Amino acid sequence: MANLKDLKNRIRSVKSTQKITSAMKMVAAAKLRRAQDNAEAARPYAARMSAIINSLASKASPETAPTMLVGTGAEQRILLVVLSADRGLCGGFNGSIIRATRREVERLKGEGKTVDLLMVGRKAKDALKRELGDLIVDSREGIQGTAVSFADIDSIADVIRARLENGELDRCLILYNRFISAITQEVTLSSLIPVEVVETEAADEDSASSAPYEYEPDEATVLEDLLPRNLSTQIYTAILESSASELAARMTAMDNATRNAGDLIDRLTMEYNRRRQAAITTELIEIISGAEAL
Amino acid sequence: MAETTAFELVTPARVMMAVDASMVVIPGSLGLFGAMPRHAPTISTLQRGVVEVYVNGNVNSRIMVDGGIADVTEDKCVILAERAVTLDNTNRSDIESQRQTADTNGNTRELEFLDAVLAAL
C-alpha cells in the first residue's frame, strides 16, 4: 500500500515525463513542417522524371530494353529495401514497417523466391536481426530526418545497381511509410526494378497532341542515363516520405502520451487528496476520542 | 512582347528557377544548343556545363549543372539536374566551404563539380 510520500513522488515523476513528451511533441511538430515541405518540394522532380521515363518506356521493346527498366525477366531473387526510423518513440511507425516486412518476406518465400533485405534505419534492422538476420545483405543508418543528401542516396542506389549487374537480383522492391497526412501514414510497397510504368490518360493526351520527341544522342543512351537517376530519385522521395511519416507518427504518439500523463496526474492527485483527508480525519477522531476518554 | 519559352530548372530538392525566357543555352551531351520558343520537341542528356538563360535577349542568369536531362517542347524547357549551382551573386567563399566539406567526406563527384563551379565563377 502506497503511502502519501510515495504518491507524491509518483506524481512528480509523471509530471516530468509529461514535460518530456510534450517537448518531444513540439520538436516533432516543428521538424514535421520542414520534412513535409521537403517532401513536397521533391515531387516536381520525381513527377517530371517519371513522365519522361513513361514516354520512353512505352517505346522501348521488352527484348532490348535495359534490365533496370524491365528487370531481368526472371522473378527469382528479390531485394527488399526497408525504410524505418533510427529512433523509437514514434507510435506504430516502426512496428507497422516491421510487421509488413515479416509478412512480405513470408509471402515471397511462400512463392519459392529468394529474398534479400537492405535495411535503412536502425529500428527495423534491430528488430528483425534475430529471425531474418541471414537475409540482411546491407544496412544503412542515419539517412533520414530533414537533411538527406543525394550522396547518401547514391550509396543505397549503388548497392542495388551492383547487385543487378552481378546478377544477384531480379526484382527490387521498396517498403516504406507513405505520408498521407499528419495523422495517417500508410505502409506502401512499390517496385524500383522493374520501373513502375503508369499509363495515365493525361500522358496519352500529351503524346497525342505534341509532335514526337527527338532524342539526343538517341533513345537508348537517354534511357541509360536516366534510369540510374530515376532509381536514386525514387529512393530519395521514399526516404523523404518516410521521414515526414516518422515525425508525424512521433507527434501523434507524443500528443497521446502527454494527454495520458495528464489523466494519470489527475487520478493520482485525487487519490493523494483523498488519502490526505482520510489521514486528517483519522487524526481528529483519535484526538476527540482521547479528549472524551478523559 | 516577343515569344517566350517557359524555362524551369528542377533539382531533387526544389524547383530552383522558373522564368519565361527568350532563349536557353543548354550544354547537351552532343554540344551546346539553344532552346527557343517553337523548338522541336527534344529530350537530351546533359554534360557538366553552364546553362545560360536569356530574357529579352540578355543573359539573365547562368547556372552550373552537373549533367542531367533536358526536356524541350515548343513552349517549355525543363531541365532536371541532381546538382546545380547558380553562378549569379554566388559567394566564392560559400562554394569553397562546401568544397571543404565534400573533401572531408571524400565525396569526389561533388568535389569535381564544385571545382568546375569555382573555375566558372
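Compute the orientation-averaged projected area for segment B:5-86 from the convex hull of its Cα atoms and round it to one decimal in nm².
4.3
Output needed for segment A:214-294: three equivalent-ellipsoid semi-axes, defined as square roots of 5 times the C-alpha gyration tensor eigenvalues, in descending order, whole Å.
77, 6, 4
Rounded to whole Å, give me the distance from the Cα center of segment B:83-121 to that of segment B:48-69.
Using only Cα atoms to place each centre, the spacing works out to 17 Å.
Obtain the nm distance between the two label points defined at A:THR17 and A:ARG99 by a simple spin-label model: each point lies 7 Å from its Cα along the Cα-to-C-beta direction.
2.3
Starting from the Cα of A:MET26, step 7 Å along the direction of its Cβ; do the same at A:SER58; then give the gap between the two resulting points in nm.
For A:MET26 paired with A:SER58, the spin-label model returns 5.3 nm.
Quick one: what does P(r) look like for chain A with 5 Å bins over all Cα pairs, in whole %?
1, 5, 10, 12, 13, 12, 10, 8, 6, 5, 4, 3, 3, 2, 2, 2, 1, 1, 1, 0, 0, 0, 0
With a Förster radius of 22 Å, plug the Cβ-Cβ distance of A:ASP266 and A:LYS5 into 1/(1 + (r/R0)^6) and report the FRET value to the nearest 0.05.
Working from the Cβ atoms, E equals 0.65.
Mind listing which trypsin sites (Lys or Arg not before Pro) in segment A:22-91 are in a DSSP loop and have 15 or fewer other Cβ atoms within 10 Å?
For trypsin sites (Lys or Arg not before Pro) across segment A:22-91 that sit outside H, G, I, E and B with at most 15 neighbouring Cβ atoms in 10 Å, the list reads A:LYS59, A:ARG87.
Read the figures in this text as sums done on the coordinates, not as results from a lab. None of the values given here were measured: they were computed from a predicted structure. Counting neighbours? That spans all protein chains shown, and the Cβs are built from the backbone with ideal geometry, glycine included.
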